[in-house]
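Okay, structure first, notes after.
The values are calculated or read from the model by the stated rules, or taken from the named source; none is laboratory data. Fair warning: this is a prediction, and the values are worked out from it, not measured in the lab. Virtual Cβ from ideal backbone geometry, glycine too; neighbours counted across all protein chains shown. What goes into the accessible areas is simple: the full protein's heavy atoms, side chains included, and nothing from ligands, DNA or RNA. Shrake-Rupley method; radii C 1.70, N 1.55, O 1.52, S 1.80 Å.
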Amino acid sequence: MSQDIILDSQLQQSKNLAWWLYLIHGASFVFSLGAFSFIPLIINYVKRDEAAGTFVYSHHSWMIRSFWWYVAWIVVGAVLWITIIGIPLAFLVWGVAWLWKAYRLLRGFLDLNNNTPVPM
């Protein structure tokens with residue numbers, strides 16, 4: 001019985017941390033277009049192993065992958081911007097990347113609140 005309480009407490013702490021990390025990623029995304037998301041990203045990397053074996057682990061991986069794919073698409077847009085001819089396409093890439101990242105943050109946040117893992 002006491003072991004169940006400890007495990008539930010650890011799971012709840014891990015879930016609370018992931019909840020805050022979603023909020024920080026979201027705030028960074030809204031206020032700096034993700035420029036400061038490296039701060040919660042580092043915490044995701046550090047705390048992910050502590051959540052191993054729980055549904056929260058998938059949320060840390062989800063946030064990490066979301067960050068790196070978003071960076072990749074921002075770089076693709078920057079390369080298109082440099083070509084000058086690709087400027088309209090760069091705006092399209094950045095807009096789609098922004099919508100995709102917003103979807104990933106909202107989907108992950110809702111799944112976390114429902115105590116379910118995000119799809120891998």
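Considering all projection directions equally, how large on average is the shadow of the alpha-carbon convex hull of the chain, in square nanometres? Write down the numbers at each step before the final one.
Details: hull surface 30.3 nm².
The directionally averaged projection comes out at 7.6 nm².
At a 1.4 Å probe radius, carbon and sulfur cover how many percent of the accessible area of the chain?
Numbers: 5540 of 7490 Å².
C and S fraction of accessible area: 74 percent.
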Exercise. Using a simple charge model, +1 on the beta-carbon of Lys and Arg, -1 on the beta-carbon of Asp and Glu, nothing else, what dipole does region 1-114 show about its Cα centre, in debye to the nearest 20?
Worked result: 320 debye
For this session: Starting from the Cα of Ala102, step 7 Å along the direction of its Cβ; do the same at Thr116; then give the gap between the two resulting points in nm.
Result: 2.3 nm
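Among the helices of the chain (complete DSSP H runs), which have Cα atoms covering no less than 18 Å along the helix axis and a Kyte-Doolittle mean of at least 0.0?
On the way: long enough: 2-32 (44 Å, 0.22); 55-82 (41 Å, 1.02); 87-113 (39 Å, 0.90).
In the chain, the long hydrophobic H runs are 2-32, 55-82, 87-113.
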For this session: At 7 Å along the Cα-to-beta-carbon direction for both Ala52 and Gln13, put a label point, then send me their distance in nm to one decimal.
Result: 1.8 nm
Exercise. Could you give the distance between the Cα centres of region 66-83 and region 6-50, to the whole Å?
Worked result: 23 Å
